[in-house]
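Report on the following structure.
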Amino acid sequence: MSEVHVYPVNQQIAERAHITEEQYSDMYQQSVSDPEAFWREHGKIVDWITPYNKIKQTSFDTGHVNIKWFEDGTLNVSANCLDRHLATRGDQPAIIWEGDDPADDATLTYNQLHQQVCQFANALKAQGVKKGDVVCLYMPMVAEAAVAMLACTRVGAVHTIVFGGFSPEALAGRIIDSKAKVVVTADEGVRGGRAVPLKKNVDDALKHPEVTSIEKVVVFQRTGNPVEWDNQRDVWWHDATAAVPDHCDPEPMNAEDPLFILYTSGSTGKPKGVLHTTGGYLVYATMTFKYVFDYQEGEVYWCTADVGWITGHSYLVYGPLANGATTLLFEGVPNYPSTARMSEVVDKHQVNILYTAPTAIRALMAKGDEAIAGTQRSSLRIMGSVGEPINPEAWEWYHRTIGDSRCPIVDTWWQTETGGILITPLPGATALKPGSATRPFFGVQPALVDNMGNILPGATEGNLVMLDSWPGQMRTLWGDHERFEQTYFSTFKGMYFTGDGARRDEDGYYWITGRVDDVLNISGHRMGTAEIESALVAFDKIAEAAIVGVPHDIKGQAIYAYITLNDGVIPTAELHKEVKDWVRKEIGPIATPDFLHWTDALPKTRSGKIMRRILRKIATGDTGSLGDTSTLADPSVVDKLIAEKEKVV
Ligand code: WTA
């Protein structure tokens, strides 16, 4: 390994930071030696309607996994994100919206956002939505996406957001699993100068014979282009909100009432509905936002994530608004219409804290100084990274070029399942090492284990697990607690298994090495290999498929597909395109294979299990060390695959 450059804590930042180096050590010690006392105190970061007495009821015992925090307290999320700020920050911007077109922007103050949320909450009620109902949001990046989320929490409905880039089929699958009653969408989305046909996709999804739960579709008018209309079912957002009062009392929710479901990819089967509940999630999102980004009163914070991902939930909407921050919601992409768009938006809105993903950083890095042309970025104070390991070169470029060597970078490691950030530097407390997510947040107890589940001490490398619960942890998989236990608590008994591997250095810093299961990370988006494979074999000309990830300069990983066609089917350029289009239609553009490798046979063991280890090595051209191939039913397939690789495009 090349030598690691250490960046000491920035003293200017440390002087006014919420947490200093010493405080971090003391508080961390306290948080793990007496979690009850620690969270009894810090649970107060949010406002409770009924204060909690119980703090932590959690068990990681396989067969009895049970996670409850602040169990007897009641609260409302929208009241915490809105009402409690009105007296002091009613006229402060809550959301700054920056459109795809640089000429479009808008600001909503806390007063205005509160009013819109109350109105939309009443509109939802008028459409029949009640506490506990599931509402599916399939929205573009407009302020109304946040309004809809908050309105759900106001009436106690459970939202499930589906990323606008997912196909009608993927949307249908999530509606079927969640049994959503209402869909909230827009006529079209706008991204990078292109329209996304959201309403049409909803119409197509609702044609699926198994989608039977949807009663109403509420449509926000974004572009005004014509859409098909079902008078019984469809209602315009502006009509639904026109005739309703702008007062709506927040529904008192139990801490353990469901807040939202968010589907994510796993190593097997269909996407999993990760369930987060109200109290613990909000406490954790609020506290991590404040300390990880060292948020100071009045600052402008920009997270580039889409609301369709967990980052868009915890650190675009809930964490910032619960802290009374100004959060910037950007409709577009970082390099449109100009390569310097991200930097231009920073200047335009005087952004102080920027939170983005390595894939965006690498795409800009490839353009060099063009990415900052004509901009100052002097408002920036702190920058963050999330979604995948950030390579030290990209970290250094981000630090030097976007941040003018002035801003600490928080490389935050976490997952949909963890609700909030678990491993991260704190800007005023942690010396930085480019490429390392550094140290655990308060209350988080990571460990590295070998494949037998033995905890490894000291500087070492292994499977990343968590030994105890934290308030933001997921509670179950929607409707499938058994799969929840199986997926996360059966590999290593009594521990939460993250699916990631990591290294810990002599300073106790964690370096995430990536997934150790069959989950890919494409531009920071999780994709299960099994999901893409099942989409491929559903194509009528394909007999069998195996997916592996290969390194990619900008996306982090690219999708490499081994495909066996049905007897008599000839691989042609047209078929190549057909297969890619098929996956795009079944799941969405992010799942489209980059490489198709036609083959007659896959390497299988005698019991019929595909040896992915070999497929991974062949795909990356690492054929010098294929390891033991003697357990293959037919070892000659390996040489054939290596020869075929020449022709792969
Ligand atoms: C990866 C995104 C290295 C990791 C919040 C994890 C990271 C998966 C980092 C979760 C990071 C996320 N460094 N790897 N800072 N952040 N990951 O559920 O593999 O979309 O398991 O949540 O992304 O992806 P998810």
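Of the candidates Leu626, Leu615, the single residue that is modelled with pLDDT of 90 or more, out of contact with any Gly (no Cβ under 7 Å at 6 or more places or on another chain) and among the aliphatic types (A, V, I, L, M) is Leu615.
Within segment 193-212, is even one residue surrounded by fewer than 22 Cβ atoms within 10 Å (Cβ to Cβ), among the acidic types (Asp, Glu) and out of contact with any helix residue (DSSP H, G or I) (no Cβ under 7 Å at 6 or more places or on another chain)? Yes: one or more hits. Arg377 fulfils the conditions (1) assigned to a helix (DSSP H, G or I); (2) away from the ligand (no atom under 16 Å from the Cβ); (3) out of contact with any Phe, Trp or Tyr (no Cβ under 9 Å at 6 or more places or on another chain); (4) of a type outside the set (Gly, Ala, Ser) except for a single criterion, (1).
Residues in segment 453-468 that are in a loop (DSSP other than H, G, I, E, B) and of a type in the set (A, V, I, L, M, F, W, C): Leu456, Ala459, Leu467.
Among the numbered conditions (1) farther than 30 Å from Thr88 by Cα; (2) β-branched (Val, Ile, Thr); (3) touching a Cys at 6+ places or on another chain (Cβ under 8 Å), the only one that Thr356 does not meet is (1). Restricting segment 371-394 to residues that are under 25 Å from His525 (Cα atoms) and touching an Asp or Glu at 6+ places or on another chain (Cβ under 7 Å) leaves a set whose member that is modelled with the lowest pLDDT is Ile390. Looking only at segment 311-320, decide whether some residue is assigned to a loop (DSSP other than H, G, I, E, B) and out of contact with any Ser or Thr (no Cβ under 7 Å at 6 or more places or on another chain). Within segment 311-320, none of the residues are assigned to a loop (DSSP other than H, G, I, E, B) and out of contact with any Ser or Thr (no Cβ under 7 Å at 6 or more places or on another chain).
Restricting segment 295-310 to residues that are part of a loop (DSSP other than H, G, I, E, B) and aliphatic (A, V, I, L, M) leaves a set whose member that is farthest from Met141 (Cα to Cα) is Ala305. For segment 268-294, give me each residue that is touching a Phe, Trp or Tyr at 6+ places or on another chain (Cβ under 6 Å), at pLDDT 95 or above and not in a helix (DSSP H, G or I). Across segment 268-294, the qualifying residues are Gly273, Leu275, His276.
Sub-7 Å Cβ pairs linking a first residue in segment 633-649 that is within 24 Å of Ser607 (Cβ to Cβ) and at pLDDT 90 or above to a second residue that is among the polar types (S, T, N, Q) and not in a loop (DSSP other than H, G, I, E, B), at least 6 apart or interchain, are Ile642/Thr623, ordered by first then second residue.
Within segment 517-537, residues that are over 20 Å from Asp553 (Cβ atoms) and near the ligand (Cβ under 10 Å from one of its atoms) reach partners that are aliphatic (A, V, I, L, M) and not in a helix (DSSP H, G or I) with beta carbons closer than 8 Å, at six or more positions or on different chains, in the pairs Val519/Met527.
Of everything in segment 257-309 that is of a type in the set (Ser, Thr, Tyr) and under 30 Å from Ala530 (Cα atoms), the residue that is nearest to the ligand (Cβ to nearest atom) is Thr264. Listed conditions (1) touching a Lys or Arg at 6+ places or on another chain (Cβ under 6 Å); (2) modelled with pLDDT of 95 or more are all met by Ser265, apart from (2).
Every residue, every condition in (1) surrounded by fewer than 20 Cβ atoms within 10 Å (Cβ to Cβ); (2) within 11 Å of the ligand (Cβ to nearest atom); (3) free of Cβ contacts under 8 Å to residues at least 40 places away in the same chain, yes or no:
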site	(1), (2), (3)
Ile402	no, no, no
Ile423	no, yes, no
Pro427	no, no, no
Phe441	no, no, no
Gln445	yes, no, no
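Applying the criterion of being under 38 Å from the mean Cα position of the chain (by Cα) and among the small types (Gly, Ala, Ser) to the residues of segment 623-649, the residue that is farthest from Lys609 (Cα to Cα) is Gly624. Within segment 455-478, is even one residue within 24 Å of Thr278 (Cβ to Cβ), away from the ligand (no atom under 16 Å from the Cβ) and among the acidic types (Asp, Glu)? Yes; the residues of segment 455-478 include at least one that is within 24 Å of Thr278 (Cβ to Cβ), away from the ligand (no atom under 16 Å from the Cβ) and among the acidic types (Asp, Glu).
Being closer than 21 Å to Pro392 by Cβ, modelled with pLDDT of 95 or more and either within 12 Å of the ligand (Cβ to nearest atom) or surrounded by fewer than 16 Cβ atoms within 10 Å (Cβ to Cβ) (or both): is that true of Gly494 here? So Gly494 does not fit the description; no. On inspection, Met383 qualifies as away from the ligand (no atom under 11 Å from the Cβ), touching a Cys at 6+ places or on another chain (Cβ under 9 Å) and not acidic (Asp, Glu). For segment 404-419, the candidate set comprises residues that are within 13 Å of Tyr355 (Cβ to Cβ) and not hydrophobic (A, V, I, L, M, F, W, C); within that set, the residue that is farthest from the ligand (Cβ to nearest atom) is Pro408.
The values are calculated or read from the model by the stated rules, or taken from the named source; none is laboratory data. Bear in mind the structure is a predicted one, so any value in this text is a computation, not a measurement. Ideal geometry is used to build each Cβ from the backbone, glycine not excepted, and the neighbour counts take in all protein chains shown.
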